[in-house]
1. Looking at (1) farther than 28 Å from F400 by Cβ; (2) touching an Asp or Glu at 6+ places or on another chain (Cβ under 8 Å), can you tell me which one Y242 breaks?
2. If I go through the range 272-287 residue by residue, how many of them are surrounded by 21 or more Cβ atoms within 10 Å (Cβ to Cβ), of a type in the set (V, I, T) and assigned to a loop (DSSP other than H, G, I, E, B)?
3. Cβ contacts < 8 Å: first residue among the hydroxyl-bearing types (S, T, Y), restricted to the range 338-356; second residue surrounded by fewer than 16 Cβ atoms within 10 Å (Cβ to Cβ) and outside any loop (DSSP other than H, G, I, E, B), any location; separation 6+ or different chain. Result?
4. Quick test of your reading of the structure: N633 fulfils all but one of (1) open to solvent by 80 Å² or more (accessible area, probe 1.4 Å); (2) free of Cβ contacts under 8 Å to residues at least 40 places away in the same chain. Name the failing condition by number.
5. Could you tell me which of the residues R92, R101, R144, R75 is at pLDDT below 95 and either under 42 Å from the mean Cα position of the chain (by Cα) or under 30 Å from K37 (Cβ atoms) (or both)?
6. Output the qualifying pairs, or none if there are none: Cβ atoms under 8 angstrom, residues six or more apart or on different chains, first residue in the range 288-300 and at pLDDT 95 or above, second residue among the polar types (S, T, N, Q).
7. Which of the strands (runs of 3 or more DSSP E) contained wholly in the range 288-360 include at least 2 residues that are closer than 24 Å to E208 by Cα?
8. Among the residues of the range 233-268 satisfying the criterion of being within 27 Å of the chain's Cα centre (by Cα) and part of a helix (DSSP H, G or I), which is nearest to L306 (Cα to Cα)?
Amino acid sequence: MKTDMSKQTAQQPPETWSRTMILRVDPQVDEGRHPVKRIVNEDVLVSADIVSDGHDIPAAEVLYGPEGEDEVAVRMTFLGNDLYQALFTPDRMGVWTYRVRAWIDQFATWQELFERRVKGGSPEAELKSELQEGASILKKSLGRAEAEDRKRLQDYIDAFEAGEVNRALEGEVQALAALYDTREGATESDVRRALVERPLARTSAWYEFFPRSVGPDHEHGTLDDAADMLPYVKEMGFDIVYLPPIHPIGRSHRKGKDNAPVAAEGEPGSPWAIGNEDGGHKTVHPELGGIEAFDRFMERARELDLEVALDLAYQCAPDHPYTKEHPEWFRQRPDGSIRYAENPPKKYQDIYPINFEGDNWEALWLELRDVVEFWAKRGVRTFRVDNPHTKPLPFWAWCFSTLRESYPDLIFLAEAFTRPKLMYALGKVGFSQSYTYFTWRYNKQEFQDYLTELFHTDVYNYYRPSFWPNTPDILPPYLDNKPTFQSRLILASTLSASYGIYGPAFELMASDIHPAREEYRDNEKYEIKDWDLDAPHSLKPLITRINTIRRENSALHHNRNLQFHDVDNDELIAYSKRDGDNLILVVVNFDPHYTQSSFVQLPLAELGLEPHQPYELEDLIDGARYYWHGPRNYLELDPHKFPAHVFKVHREVGREQDHDTFV
């Protein structure tokens with residue numbers, strides 16, 4: 001069969017092309033669809049696989065800067081096997097962009113080949129000819145060079161043309177050529193983004209309490225009463241004080257004590273059933289003192305340098321003004337009634353979930369974003385978000401990105417106990433931190449597997465964990481004795497850079513678990529509690545010591561530096577964190593009843609320790625000092641004395657104890 005060539009369409013070569021190809025750029029999240037997370041002054045180490053044909057030498061650089069502003073270029077270093085790296089350090093909050101540019105480094109390729117010719121004994125005439133080619137490459141850079149560098153380049157060009165072989169091998173000429181390379185035939189990667197937040201987004205200690213439970217004589221407390229409790233929180237060394245919802249509480253279908261379907265007269269109801277005739281999400285419960293008391297609370301927190309976190313719960317009580325003004329924002333049954341929240345067989349008649357995809361969803365989204373802005377204007381910059389996994393991911397992505405245009409210092413903690421990939425998706429769309437499965441990790445292997453996933457895989461780039469041993473919703477059954485409270489506190493506060501506790505239940509070691517659910521019996525969510533903050537058995541001194549240790553040791557401000565160590569006893573876990581010369585080693589006994597012992601194996605070189613020199617371990621909890629030598633050393637932990645060691649490792653022995661003991 002003959003082909004009619006007149007009907008064929010000519011395939012034209014591309015107008016531009018490059019001999020270099022960028023195969024991979026890291027860090028990245030989902031091929032750049034979402035930003036990586038960093039904090040101010042935290043390095044972004046960019047790596048790329050870059051290849052080209054033949055033996056010519058590629059060059060590459062990272063172009064970076066705040067989104068919408070001029071970019072800065074930093075040259076990438078060749079590490080071998082076609083891998084290139086460079087880092088940049090974002091110095092302010094906001095979205096930063098970065099991309100990789102690659103091209104053939106004509107001068108480096110020429111110089112490398114010329115050096116081989118010299119070492120190989122090429123004839124003088126051949127070398128002079130090659131020097132002319134080198135000079136022609138340098139001439140391309142002259143127009144890009146600044147005044148002094150232009151003179152230096154011209155000096156090299158003159159030397160090349162004069163046949164001065166040794167001048168062509170100098171490192172200075174290669175540096176000048178690289179600085180003013182014309183980048184002919186360059187190719188570029190897609191743009192990647194980094195969400196840069198303030199340090200508190202990564203490293204923070206949270207304390208949660210119910211303001212209504214701090215009133216005098218078991219009366220309903222106000223935010224003025226809560227302000228009087230702030231020095232107690234500050235004294236323990238917390239960074240963030242988190243309040244459950246402070247809004248008016250619904251009256252219709254109000255829950256009673258222990259989640260009873262009907263409240264008795266005078267019972268306060270659940271703060272998460274938001275809204276009544278007094279207002280909704282932009283209103284403070286009158287019994288808490290109203291907005292004026294809130295402003296006084298904020299002022300007292302600022303005086304103490306405490307961050308205030310509010311609960312952001314996008315749901316409504318049946319009495320919420322939204323239900324009357326915008327019934328279309330809720331799911332309605334065929335009879336016109338609004339559907340209440342359910343998680344069969346559980347029913348939440350006191351809560352109406354919001355319908356994010358109703359007919360008037362645009363106005364709803366704007367209103368919900370305005371809720372955050374309302375409180376941001378009153379100084380709130382941190383929010384704990386209730387059940388975010390039950391709201392659309394595109395809503396959070398839009399809401400957070402638009403809010404951060406005006407408030408780049410906003411921090412959002414996701415209260416999401418759900419499927420792992422959905423929790424990770426929340427991190428990708430903009431949540432700063434998230435609750436985790438920490439509470440449900442029981443043994444050494446589970447901890448090591450889980451923390452390796454969080455800190456030593458790509459998950460690190462978009463998901464920041466916050467470890468909470470307890471919450472008002474969660475009381476794990478193992479929290480029923482002092483050694484376990486102590487060990488869980490140590491694990492939460494030293495494994496993760498961010499952790500929190502629900503108090504005063506935690507420091508007072510409340511352990512009355514509900515017979516049918518993994519939560520507190522007579523839950524504070526439904527009643528006012530009376531806590532004895534001065535109880536002699538309180539863990540307050542220990543918590544204070546732990547938060548001091550965290551504050552004074554920069555190794556505990558990071559997550560990716562976590563390293564587990566071999567311990568030949570499954571009841572013990574050993575791990576370290578290192579930041580420069582600051583090295584913290586932690587060993588925890590999971591067994592709350594019996595002494596456990598083992599040898600601990602340390603990789604001395606990785607930890608910066610000399611293999612033939614003794615080193616001192618200072619227990620930062622009780623002040624005891626131990627002297628170890630070599631990689632393998634013995635220890636034992638009696639949980640009735642204290643179930644953990646938190647060691648500061650000193651490379652020089654003989655340091656004096658400089659703090660009190662707390663156990």
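The values are calculated or read from the model by the stated rules, or taken from the named source; none is laboratory data. What you see is a predicted model, and the numbers here were worked out from it, not measured in a lab. Counting neighbours? That spans all protein chains shown, and the Cβs are built from the backbone with ideal geometry, glycine included. Side chains included, ligands, DNA and RNA excluded: accessible areas come from the protein's heavy atoms. Shrake-Rupley method; radii C 1.70, N 1.55, O 1.52, S 1.80 Å.
1. (1)
2. So the count comes out to 1.
3. Y340/K347; Y348/E342
4. Going through the list (1) open to solvent by 80 Å² or more (accessible area, probe 1.4 Å); (2) free of Cβ contacts under 8 Å to residues at least 40 places away in the same chain, N633 breaks only (1).
5. On the way: R92 fails: at pLDDT below 95; R101 fails: at pLDDT below 95; R75 fails: at pLDDT below 95.
Answer to the selection: R144.
6. Going by the 8 Å Cβ cut-off, the qualifying pairs are L288/T222; G289/T222; I291/T283; A293/T222.
7. Values: elements: 307-312, 341-343, 346-348.
So the answer is 307-312.
8. K234
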